[in-house]
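Contents: one structure, followed by commentary.
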Amino acid sequence: MPIIAFEDQEYDCGPAETVLDCLIRQGVSVNYSCRAGVCQTCMMVSTDGRPPAESQVGLKDTLKAQDHFLMCSCVPEQKMSLVRPGSDGVSYDATVSSLDRLNDDVVRLRLERPDGYEYQPGQFLNLKNDQGVARSYSLASIPSVDDFLELHVRHMPGGQVSGWVAERLSVGGNVTISAATGQCVYMPGRPEQSLLLVGTGTGLAPLLGIARDALQQGHVAPIHLYHGSGDARGLYLVDVLRAMAEAHAPFHYHPCASRGVPPEGVQPVRAADQALADFTSLAGWRVFLCGREDMVKAAQKKTFLAGASMQDIFADPFVETKLAEA
Ligand SMILES: Cc1cc2nc3c(=O)[nH]c(=O)nc-3n(C[C@H](O)[C@H](O)[C@H](O)COP(=O)(O)OP(=O)(O)OC[C@H]3O[C@@H](n4cnc5c(N)ncnc54)[C@H](O)[C@@H]3O)c2cc1C
């Protein structure tokens, strides 16, 4: 049975058990969120040398070379000694500059941008509540224009972090955030490549950042943003996005609501289905997919089958945190 050595203690790791599950089972306080190898909240450093390859999937090459790994996807084969990450696991204190509702469920949280805080629009950060519980939220702001960090937080009933943001956080309060990470960003260099952006719910946040960034960087080809919700009341920033489409010729906004009879201008269909009906060939396109995990995974497959290259499909599934058994 492999041993996990961490902060002067040793823990027995069960057969096929991940390092994260082992530490949680034994009551060790460690950070984690998605438990699916996406959010990188549970990153650690192995001091025994190279961790298993599957525990480094998605990490930057520099982090891999420095033996960083994700505990949630690490099933150890032999004894491992761990330390918490140093400068790459750095956290920042940020002050809440505004909080408002974008619809019944979604809170817009703006934070003063801490000195030296670098990010690319569309990336996400991990935000901790006052109990130290961390969750990932995507950035809707763009650093070249905004002096704040903007997050769209969907209030989940009973949610440890979203509930805290929606019910207890107030302007002037302080939060702890991680550095921004994630590959779902606009890379300049191909301004004549059409862009397809599809998101559900707060999946709009990173897409808004990406679209604004692309326009700011002079993207000339069409940018089609499809925002979907079950019910039309779940859409938000509709007027802002319509104004953006009026102001910028390349930008096109398609709000969709799949249930009920939507108001004028909102298509009565799922966002991804509408996008694929409007554009049957996506050969040569760049595609961004954000929001519900099931939508993102299905749309990844469908946009690939419609001709988009895998290298041009960027996806951020908002993987639900698998809460530990009580
Ligand atoms: C890369 C990434 C980016 C993300 N970006 C955003 C974002 O911009 N805005 C945003 O609002 N959220 C985003 N999320 C989801 C977010 O990290 C949290 O999972 C969510 O806010 C719930 O956390 P919580 O602590 O409030 O709820 P928890 O205490 O974790 O859970 C409370 C209840 O809500 C359910 N639940 C938790 N998460 C989800 C979910 N995603 N879908 C459905 N049910 C759920 C749980 O099963 C549980 O019943 C992102 C996730 C990832 C991995």
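The values are calculated or read from the model by the stated rules, or taken from the named source; none is laboratory data. This is a predicted model, so every value here is computed, not measured. Neighbour counts run over all protein chains shown; Cβ positions are idealised from the backbone, glycine included.
Annotations
Matching residues to (1) farther than 12 Å from Pro76 by Cβ; (2) surrounded by fewer than 18 Cβ atoms within 10 Å (Cβ to Cβ); (3) within 16 Å of the ligand (Cβ to nearest atom); (4) assigned by TED's automatic domain parsing to the domain that holds Lys79:
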site	(1), (2), (3), (4)
Gly14	no, yes, no, yes
Arg35	yes, no, yes, yes
Thr41	yes, no, yes, yes
Ala53	yes, yes, no, yes
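- For the range 214-229, the count of residues that are under 21 Å from His152 (Cα atoms), crowded, with 22+ Cβ neighbours inside 10 Å, of a type in the set (Phe, Trp, Tyr) and within 23 Å of the chain's Cα centre (by Cα) is nonzero.
- Whichever residue in the range 148-164 is assigned to a loop (DSSP other than H, G, I, E, B) and within 6 Å of the ligand (Cβ to nearest atom) and, among such residues, is nearest to Gly116 (Cα to Cα): Val161
- For the range 143-159, the set of residues classified as at pLDDT below 95 and either surrounded by 22 or more Cβ atoms within 10 Å (Cβ to Cβ) or over 19 Å from Leu204 (Cβ atoms) (or both) consists of Ser144, Pro157, Gly158, listed by residue number.
- Any chance Val198 is within 15 Å of the chain's Cα centre (by Cα), among the β-branched types (Val, Ile, Thr) and within 13 Å of the ligand (Cβ to nearest atom): no
- Single condition Val240 does not satisfy, out of (1) surrounded by fewer than 16 Cβ atoms within 10 Å (Cβ to Cβ); (2) more than 18 Å from Ala140 (Cα to Cα): (2)
- Any hit, the range 179-195, residues being within 15 Å of the ligand (Cβ to nearest atom), among the small types (Gly, Ala, Ser) and over 14 Å from the mean Cα position of the chain (by Cα): no
For (1) β-branched (Val, Ile, Thr); (2) in the same structural domain as Tyr137 (by TED's automatic domain parsing); (3) farther than 20 Å from Gln183 by Cβ; (4) in contact with a Ser or Thr (Cβ under 9 Å, 6 or more places away or on another chain), each residue gets a yes or a no:
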residue	(1), (2), (3), (4)
Pro206	no, no, no, yes
Ile210	yes, no, no, no
Val238	yes, no, yes, no
Ala257	no, no, yes, yes
Ala277	no, no, yes, no
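- When Gly284 is tested against (1) surrounded by 20 or more Cβ atoms within 10 Å (Cβ to Cβ); (2) part of a loop (DSSP other than H, G, I, E, B); (3) not hydrophobic (A, V, I, L, M, F, W, C), only condition (1) is not met.
- The residues of the range 111-137 that are among the charged types (D, E, K, R) and under 24 Å from Ala315 (Cα atoms), listed by number, are Glu118, Lys128, Arg135.
- Residue in the range 176-190 that is under 17 Å from Phe251 (Cα atoms), touching a residue at least 24 places away in the same chain (Cβ under 8 Å) and crowded, with 24+ Cβ neighbours inside 10 Å present: yes
- Meets criteria (out of contact with any Lys or Arg (no Cβ under 8 Å at 6 or more places or on another chain) and outside any loop (DSSP other than H, G, I, E, B)) for Leu196: no
- Close pairs from the range 68-89: first of a type in the set (Lys, Arg), partner at pLDDT below 90 and surrounded by fewer than 16 Cβ atoms within 10 Å (Cβ to Cβ), Cβ under 9 Å, at least 6 apart: Lys79/Asp48; Arg84/Glu7
- Flag for Ser136 being crowded, with 17+ Cβ neighbours inside 10 Å, of a type outside the set (A, V, I, L, M) and within 10 Å of the ligand (Cβ to nearest atom): yes
- Considering each residue of the range 267-280 in turn, none proves to be crowded, with 18+ Cβ neighbours inside 10 Å, over 20 Å from Ala315 (Cα atoms) and within 16 Å of the ligand (Cβ to nearest atom).
- Screening Gln131 against (1) within 16 Å of the ligand (Cβ to nearest atom); (2) surrounded by 13 or more Cβ atoms within 10 Å (Cβ to Cβ) leaves a single unmet condition, (2).
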